[in-house]
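Here is the structure we will look at.
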2 protein chains.
Amino acid sequence: MSGSPEFGKVVVFGVGLIGGSFALGLKAAGQIEEVVGYGRSIATLTQALDLGIIDRVGVNVGQDVADADLVLLATPVGQMPDIMARIAPYIGAQTVFTDGGSTKEDVVAAARAHFAEKAGQFVPAHPIAGAENSGAAAARADLYREKKVVLTPLPENSVLNVARVRSAWEWCGAQVHELSPSEHDRVFAAVSHLPHLLSFALVHDLAVRENSELYFSFAASGFRDFTRIAASHPEMWRDICLANRVALLEELDRYRAQLDDLRVALKKGDGVALEQTFDVARRARRDWAGGGK
Amino acid sequence: MSGSPEFGKVVVFGVGLIGGSFALGLKAAGQIEEVVGYGRSIATLTQALDLGIIDRVGVNVGQDVADADLVLLATPVGQMPDIMARIAPYIGAQTVFTDGGSTKEDVVAAARAHFAEKAGQFVPAHPIAGAENSGAAAARADLYREKKVVLTPLPENSVLNVARVRSAWEWCGAQVHELSPSEHDRVFAAVSHLPHLLSFALVHDLAVRENSELYFSFAASGFRDFTRIAASHPEMWRDICLANRVALLEELDRYRAQLDDLRVALKKGDGVALEQTFDVARRARRDWAGGGK
């Protein structure tokens, strides 16, 4: 941590949990001189300023982006294309971009559409850090410590730009992995996006019943764990589902087929098939958890 | 806690988490003189003896049941009918029975079939206490403290017998509620049995893939919570699913219809419908959690 900061000026779009924690992590590592924040909500920006997450609220996108060393897009993925269109004309030659979006193919497509020949300056990223709480107040310098961050580098990225973005996430304490954008989206459709959809669906199904209170009053710890992710941000998850809908539909159909199989076993009273399915699941879940999860 | 114990001799079938904690809870409250344990596994019974959960291992069912004040059936529900058949001929006039099964209509039907005119001495119960860990070693005197226990009294129960069984669970620290057996099974199909089935299904679906390691390696905290219940006991959950399959099939079909709706919204790119579903779920989940869950 000796020497001068690796990044002089950093611009963050969206100063909530993801963007705020990125800024705080780099600050804690002594790797930035100035953080400029942009966002939809003046209240959030003011809060980020008060909390020392950003040094000033940006007022001139063109100027700020032109001489920034690093730009992070940390808004819901649905807002990224508009921001890209807005900043594209001002991109300086030395600036690298990364993002914190939970889907990657759509973000890559938007970057190519808007950044055109400068798309090589964009190195997409997905930090895998819990987001049950959101907003600037939830941001922490150590949010990414020992957490995985997936980079999905593009063929047009230079080795140098990938290294710079990797380095920024590593200064935040993250373990950086690489996948292709489509690999990323398939994996996360299965292990993250589908579970969220399923959890939202279960709680919705109970909530719309006339006697929903009776049901909720007897829900216990298994329900609590299963539905914790149903308290996630609706707009963010709408965007993720839409952005990754091809892969998510594939996973959903695969899952529905699995439920159809279980339905048949249940209907027939086929205890062997049920127990076998449960047993395979339990072993896999325990093996995974045994890996320190 | 003054005066003599409310229950002299208690017989427990199945001395794992549920049965063991019941015995320890009553002992801690000073409400029993002797606990006799029965079970399939000599190792578990010996362990329960070593841990002070039971005072002796039962060797003569007829003798032990005839003069017991209280009998608890705490085995997986699939084993209860056999046990009932075994003990039915020996039921003393003063003995009350309860159970710890997660389903009630099947247990009630078995009790009526086997206990016949003595079914009124059986007051069914379902303690809602987490069971991620199982076995005698996991038993604790305070497992039921401030936890709900649902009694599903039968028309043939005497008021006295219901009061005695209620009292036993209350000595363990539980909050006792009452539902009819069919109400109970419908409610728990929705808030417990279906979530378990869905969680097992998700992990199974990932575990059987050729490249399952890639998927598991990027699973994070949302996945961890959603799948915690997929580490539950396969045999126990097989029995529960089979025992409650009518209500569970209804819930499963209702849920599949809900997934079909979400699939249509996703396919059409209908962000409004998705966000609305997620929003209803999030509000309900937060309201529920706000109630101290």
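Might you check whether a residue that is more than 26 Å from residue A:187 (Cβ to Cβ) and in the same structural domain as residue A:27 (by TED's automatic domain parsing) occurs anywhere in the range A:94-105? Please lay out each step first, then the result.
Of the range A:94-105, the ones more than 26 Å from residue A:187 (Cβ to Cβ) are A:94-95.
Among the residues that remain, those that are also in the same structural domain as residue A:27 (by TED's automatic domain parsing) are: A:94-95.
Yes.
Does residue A:264 satisfy the condition of being more than 7 Å from every other protein chain (Cβ to nearest Cβ), over 29 Å from the mean Cα position of the chain (by Cα) and among the β-branched types (Val, Ile, Thr)? Can you show your working first?
Values: more than 7 Å from every other protein chain (Cβ to nearest Cβ): yes; over 29 Å from the mean Cα position of the chain (by Cα): yes; among the β-branched types (Val, Ile, Thr): yes.
Considered against the rule, which asks whether it is more than 7 Å from every other protein chain (Cβ to nearest Cβ), over 29 Å from the mean Cα position of the chain (by Cα) and among the β-branched types (Val, Ile, Thr), residue A:264 comes out as yes.
Within the range B:81-98, which residues are buried (at least 23 other Cβ atoms within 10 Å of the Cβ) and touching a His at 6+ places or on another chain (Cβ under 9 Å)?
B:84, B:87
Let me spell it out: the conditions are (1) facing another protein chain (nearest Cβ under 10 Å); (2) in a helix (DSSP H, G or I); (3) under 30 Å from residue B:283 (Cα atoms), and residue A:129 meets all of them except one. Which number is the exception?
(2)
Given the options A:136, A:125, name the one that is within 16 Å of the chain's Cα centre (by Cα), at pLDDT below 95, under 16 Å from residue A:14 (Cα atoms) and crowded, with 19+ Cβ neighbours inside 10 Å. So that I can check it myself, show each step before the final result.
On the way: A:125 fails: at pLDDT below 95.
When all the criteria are applied, what remains is A:136.
Over 23 Å from the mean Cα position of the chain (by Cα) and more than 8 Å from chain B (Cβ to nearest Cβ): does that describe residue A:178?
Working: over 23 Å from the mean Cα position of the chain (by Cα): no; more than 8 Å from chain B (Cβ to nearest Cβ): yes.
No; evaluated as a whole, the condition is false for this residue.
Any residue at all in the range A:187-201 that's small (Gly, Ala, Ser) and over 30 Å from residue A:220 (Cα atoms)?
Looking only at the range A:187-201, we keep the residues that are small (Gly, Ala, Ser), and these are A:189-190, A:192, A:199, A:201.
Of the ones still in play, those that are also over 30 Å from residue A:220 (Cα atoms) are none.
Among the residues of the range A:187-201, not one is small (Gly, Ala, Ser) and over 30 Å from residue A:220 (Cα atoms), which makes the answer no.
Tally up the residues in the range B:195-218 that are in contact with a Phe, Trp or Tyr (Cβ under 8 Å, 6 or more places away or on another chain) and more than 7 Å from chain A (Cβ to nearest Cβ), please.
Residues in the range B:195-218 being in contact with a Phe, Trp or Tyr (Cβ under 8 Å, 6 or more places away or on another chain) and more than 7 Å from chain A (Cβ to nearest Cβ): 1 in total.
Within the range B:57-83, can you find the residues that are touching a Leu at 6+ places or on another chain (Cβ under 7 Å) and without any contact (Cβ under 8 Å) to a residue 24 or more places away in the chain?
Selection gives B:57 alone.
Which residues, taken from the range A:142-187, are assigned to a loop (DSSP other than H, G, I, E, B), out of contact with any strand residue (DSSP E or B) (no Cβ under 9 Å at 6 or more places or on another chain) and among the β-branched types (Val, Ile, Thr)?
Hits for the range A:142-187: nothing passes.
Would you pick out the residues in the range B:86-113 that are in a helix (DSSP H, G or I) and either within 21 Å of the chain's Cα centre (by Cα) or closer than 21 Å to residue A:218 by Cβ (or both)?
B:105, B:106, B:107, B:108, B:109, B:110, B:111, B:112, listed by residue number.
Find the residue count for the range B:233-256, including only residues that are more than 7 Å from chain A (Cβ to nearest Cβ) and not β-branched (Val, Ile, Thr).
Taking the range B:233-256 as the starting set, the residues that turn out to be more than 7 Å from chain A (Cβ to nearest Cβ) are B:233, B:236, B:239-240, B:243-244, B:246-247, B:250-251, B:253.
Now restrict to residues that are not β-branched (Val, Ile, Thr): B:233, B:236, B:239, B:243-244, B:247, B:250-251, B:253.
Qualifying residue count, the range B:233-256: 9.
The values are calculated or read from the model by the stated rules, or taken from the named source; none is laboratory data. Every value quoted in this text rests on a predicted model; they were computed, and no experiment measured them. A quick note on method: Cβ atoms are made from the backbone with ideal geometry, for glycine too, and the neighbour counts reach across all protein chains shown.
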